[in-house]
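What follows is a short report on a single structure.
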Amino acid sequence: MMKVKHTSLEGCLIIEPKVFRDHRGYFLESFNQNDFQKTTGLDTSFIQDNQSFSNYGTVRGLHYQTGDWAQSKLIRVISGEILDVALDIRPSSKTFGKHFSLVLSGENFLQFYIPKGFAHGFSVLSASAVVAYKCDQYYHQAAERGIRYSDPTLAIDWKIPTEKMVVSDKDLSLPGFEKSLK
């Protein structure tokens with residue numbers, strides 16, 4: 001059975017699956033719909049799985065989708081290590097504009113549940129990382145939005161020296177926090 005820890009952002013959860021280790025290695029059940037619903041109390045149905053490979057210094061984000069296409073995500077790292085970041089973009093939330101981050105790795109097996117109403121991003125802290133995540137809504141390009149990762153009002157420490165960051169042209173052109181939500 002998995003363990004669930006609440007974060008400082010309402011709705012964001014750290015999921016710790018039960019890992020069975022022995023002299024051969026380990027086994028874990030990375031997801032079980034019944035256990036997830038029972039343990040979290042959430043009736044979320046994931047319908048799309050995504051996976052990315054990135055090298056050290058890569059910063060992806062901050063991304064989200066709007067309207068009917070908004071997504072809840074369950075993120076985990078298969079190999080390597082990332083700093084995973086959720087930013088609250090719910091205007092009525094008491095933590096609007098605040099973020100929470102944690103290290104996910106192929107070693108710690110932690111998973112991060114991010115509900116609708118949050119922007120998401122991560123930075124790669126290891127030589128490379130394979131990130132997998134489940135979504136409860138399909139990707140829809142017209143609903144895709146983003147917030148510039150380096151917006152100074154957010155003050156996110158990506159744990160990567162600025163000169164070592166690798167960011168896509170698309171993410172470099174994203175608006176700041178204030179402009180993105182208008």
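The values are calculated or read from the model by the stated rules, or taken from the named source; none is laboratory data. The model shown is predicted, which means the values in this text are computed figures rather than measured ones. Don't worry about glycine lacking a Cβ; one is built from the backbone with ideal geometry, like all the others, and counts go over all protein chains shown.
When residues of segment 156-182 are filtered for being in a helix (DSSP H, G or I) and within 20 Å of the chain's Cα centre (by Cα), how many remain? First the steps, then the outcome.
The first filter runs over segment 156-182 and keeps only residues in a helix (DSSP H, G or I), leaving 162-164, 169-172, 177-180.
Filter once more, keeping what is within 20 Å of the chain's Cα centre (by Cα): 170-172, 177, 180.
The qualifying residues number 5.
If V103 satisfies every condition in (1) within 20 Å of N55 (Cβ to Cβ); (2) among the hydrophobic types (A, V, I, L, M, F, W, C); (3) crowded, with 19+ Cβ neighbours inside 10 Å but one, which is the exception?
It fails just one condition, (3).
Just checking, how many residues over segment 27-78 are aliphatic (A, V, I, L, M), surrounded by fewer than 21 Cβ atoms within 10 Å (Cβ to Cβ) and farther than 16 Å from Y138 by Cα? Lay out the reasoning, then the answer.
Of all residues in segment 27-78, those aliphatic (A, V, I, L, M) come to 28, 42, 47, 59, 62, 70, 74-75, 77-78.
After this cut, where a residue has to be surrounded by fewer than 21 Cβ atoms within 10 Å (Cβ to Cβ) as well, the list is 28, 42, 47, 70, 78.
Cutting the leftovers down to farther than 16 Å from Y138 by Cα gives us 28, 42, 78.
Result for segment 27-78: 3.
Which pairs have Cβ atoms under 9 Å, sit 6 or more apart or on different chains, and link a residue in segment 139-151 that is farther than 17 Å from I47 by Cβ to one that is of a type in the set (F, W, Y) and in a loop (DSSP other than H, G, I, E, B)?
Qualifying pairs under 9 Å: Y149/W158; S150/W158.
Just checking, how many residues over segment 158-174 are free of Cβ contacts under 8 Å to residues at least 40 places away in the same chain and touching a Leu at 6+ places or on another chain (Cβ under 9 Å)?
0
For segment 105-136: of the residues being β-branched (V, I, T) and either farther than 18 Å from K3 by Cα or part of a loop (DSSP other than H, G, I, E, B) (or both), which is nearest to the chain's Cα centre (by Cα)?
Start the filter on segment 105-136 by keeping residues that are β-branched (V, I, T), which leaves 114, 124, 130-131.
In the following step, the residues that additionally are either farther than 18 Å from K3 by Cα or part of a loop (DSSP other than H, G, I, E, B) (or both) were identified as 124, 130-131.
Working: V124: 12, V130: 13, V131: 9 Å.
Checked segment 105-136; the qualifying residue nearest to the chain's Cα centre (by Cα) is V131.
Which of the residues spanning segment 7-26 are buried (at least 17 other Cβ atoms within 10 Å of the Cβ) and at pLDDT below 95?
P17
Taking strands (runs of 3 or more DSSP E) that fall entirely within segment 1-75, which contain at least 3 residues that are closer than 21 Å to K98 by Cβ? Quick ask: steps written out before the conclusion?
Numbers: elements: 3-6, 13-16, 19-22, 25-28, 48-55, 59-65.
The strands (runs of 3 or more DSSP E) meeting that bar are 3-6, 13-16, 59-65.
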